[in-house]
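So the structure is just underneath, and the comments pick up after that.
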Amino acid sequence: MSNFDSAISTPISSSASFSYSSSKEAEDIFSGNCSKPLYSRMGNPTTTVLESKMTELENGIGAVATSSGMGAITMSIMSLCSSGDEVLAIGGLFGGSYALLSQTLPRYDIQTKFFDASDLKNLEKNITDKTKVIFCESVGNPNLRLVDLEAIGKIATKYNIAFIVDNTITPKIIQPLKSGADIVVYSTTKIISGNSSALGGIAVFREIKDKDKFKTSRYSFLNPFISKLGAKALIGASKKRILRDFGMSANANASYHTLLGLETLDLRNERVNKSCEIIASNIQKAGLNVNHPSLSVNCDNTLYKTNYKNGCGTIITIDMGTKEKAFKFLDNTKLLTLTANIGDSRTLALHMASTIYSDFKSEEKDFLGITDGLIRLSIGLEDPNDISKDLITSFLSVESV
């Protein structure tokens, strides 16, 4: 037994490269016939532990960790798309994801069509021979639109289209692979890590079976991976086509901190999702213009009660009407940390239009639900009544001016 075999905490393998015992072993490692580490850009022992735990959490067949959530999204889409292909995106989208789809990928002749969360009919009508991916977030960030994952999954299966779900806000609460998703992606930076200490992302893959959408002419470019790797072909395509060449590899230290977060994810999920419902109700009663699907006035309340019974993550939004009022509100609070992150143990807040979406066009802001007075809150582990009191006190001070 080595000194590491009995370690309770996963050892951090900070080595960039690994030695091979012989030339034959090096050949076997590079060919995939030996599972020892090749090079940290292609995988690291600490990161491998994280990948195995996330695979188990999602009931997948394997996972590939990346340097960030955007890295995981980019890797997943680019492993399936080439010049001339199309992506269909439905529901609310994080600004970074929207920018990737609307600004960056078109430079490589990969076009995206966007649809409202409930617009399944138009989504289906717009599927063409060029469509390679349907993409959505399980919960829109920050507009909090919910999507019917099962219904979208059925459309993707009917037309043999890859279905990718960003499940960053609802790990364990929602399991997209069970609803027909082929790849589920995360920014592990958020609630999985849980304390702003580790930047990272991960993509978890489902198994490719005997009769499968990826064994059709639409995805003929995957044939070499299917013939060699079988059920794990999507993992091979992601690693060989994108991770190896684009280099969005996970860092061992970040993987370690993410593993620490995973240990308490269940407890934090339960606490935060209950707190979101309490806080949304409390501040709505006090007169704040609050958005959360648990509220009866929300357009997705019915879907929330049927498909999101354990909550929809850490986000609540408040609309103060104007940028000036939003700034005053934020600056008057005592418990909020102003930052661009979400899913922290602390309660976080940000005025959206002046920060993440400051360079977006007005029509893009309208589509994404970004108004001049919109504030995104990410609820933390503090007492929900204390958070409510702080928000209400700040609101009343702004309104009294």
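The values are calculated or read from the model by the stated rules, or taken from the named source; none is laboratory data. Note that this is a predicted model, so its numbers are computed, not measured. Neighbour counts run over all protein chains shown; Cβ positions are idealised from the backbone, glycine included.
Considering only residues that are at pLDDT 95 or above and either over 21 Å from GLY180 (Cβ atoms) or surrounded by fewer than 17 Cβ atoms within 10 Å (Cβ to Cβ) (or both), which ones fall in region 199-211?
Those that are at pLDDT 95 or above and either over 21 Å from GLY180 (Cβ atoms) or surrounded by fewer than 17 Cβ atoms within 10 Å (Cβ to Cβ) (or both): LEU199, GLY200, GLY201, GLU207.
When you go through LYS24, LYS36 one by one, which is the residue that is part of a loop (DSSP other than H, G, I, E, B), without any contact (Cβ under 8 Å) to a residue 60 or more places away in the chain and among the charged types (D, E, K, R)? Break it down stepwise before answering.
Details: LYS24 fails: part of a loop (DSSP other than H, G, I, E, B).
That would be LYS36, the only listed residue that is part of a loop (DSSP other than H, G, I, E, B), without any contact (Cβ under 8 Å) to a residue 60 or more places away in the chain and among the charged types (D, E, K, R).
So if I check each of LEU267, LEU259, which one is under 29 Å from VAL64 (Cβ atoms), touching a Lys or Arg at 6+ places or on another chain (Cβ under 8 Å) and outside any loop (DSSP other than H, G, I, E, B)?
Numbers: LEU267 fails: touching a Lys or Arg at 6+ places or on another chain (Cβ under 8 Å).
Sole residue among the options that is under 29 Å from VAL64 (Cβ atoms), touching a Lys or Arg at 6+ places or on another chain (Cβ under 8 Å) and outside any loop (DSSP other than H, G, I, E, B): LEU259.
How many of the residues making up region 374-392 are part of a helix (DSSP H, G or I), in contact (Cβ under 8 Å) with a residue 40 or more places away in the chain and not acidic (Asp, Glu)?
Filtering region 374-392 for residues part of a helix (DSSP H, G or I) gives 384-392.
From what is left, the residues that are in contact (Cβ under 8 Å) with a residue 40 or more places away in the chain are 384-388, 390-392.
Filter once more, so that each one left must be not acidic (Asp, Glu): 384-385, 387-388, 391-392.
The number of residues fulfilling the criteria is 6.
Quick test for you: out of GLU150, GLU137, GLU124, pick the one residue that is more than 19 Å from the chain's Cα centre (by Cα) and charged (D, E, K, R).
Details: GLU150 fails: more than 19 Å from the chain's Cα centre (by Cα); GLU137 fails: more than 19 Å from the chain's Cα centre (by Cα).
The unique qualifying residue is GLU124.
Under 8 Å between Cβ atoms, which residue pairs at least 6 apart in sequence (or on different chains) link something in region 171-188 that is of a type in the set (Phe, Trp, Tyr) with a partner that is assigned to a helix (DSSP H, G or I)?
Taking only residues 6 or more apart or on different chains, the pairs are TYR186/MET54; TYR186/GLY69; TYR186/ALA72.
What number of residues in region 81-99 are more than 14 Å from the chain's Cα centre (by Cα) and either assigned to a helix (DSSP H, G or I) or outside the structural domain of TYR219 (by TED's automatic domain parsing) (or both)?
Residues that pass the stated criteria total 1.
Please work out which one of (1) outside the structural domain of ALA252 (by TED's automatic domain parsing); (2) in contact with a strand residue (DSSP E or B) (Cβ under 8 Å, 6 or more places away or on another chain); (3) surrounded by 14 or more Cβ atoms within 10 Å (Cβ to Cβ) is the condition PRO11 fails and give its number.
With (1) outside the structural domain of ALA252 (by TED's automatic domain parsing); (2) in contact with a strand residue (DSSP E or B) (Cβ under 8 Å, 6 or more places away or on another chain); (3) surrounded by 14 or more Cβ atoms within 10 Å (Cβ to Cβ) applied to PRO11, the lone miss is (2).
Select from region 244-254 the residues that are touching a residue at least 40 places away in the same chain (Cβ under 8 Å) and out of contact with any strand residue (DSSP E or B) (no Cβ under 6 Å at 6 or more places or on another chain) and list them in ascending order.
Going residue by residue through region 244-254, those that are touching a residue at least 40 places away in the same chain (Cβ under 8 Å) are 244, 246-254.
If the condition is that a residue be touching a residue at least 40 places away in the same chain (Cβ under 8 Å) and out of contact with any strand residue (DSSP E or B) (no Cβ under 6 Å at 6 or more places or on another chain), then ARG244, PHE246, GLY247, SER249, ASN251, ALA252, ASN253, ALA254 are the ones that fit.
Restricting attention to region 176-198, report how many residues are out of contact with any strand residue (DSSP E or B) (no Cβ under 7 Å at 6 or more places or on another chain), surrounded by 24 or more Cβ atoms within 10 Å (Cβ to Cβ) and farther than 28 Å from LEU348 by Cα.
0
Only residues that are surrounded by 18 or more Cβ atoms within 10 Å (Cβ to Cβ), among the acidic types (Asp, Glu) and more than 30 Å from HIS351 (Cβ to Cβ): list them for region 125-154, please.
ASP148, the sole residue that qualifies.
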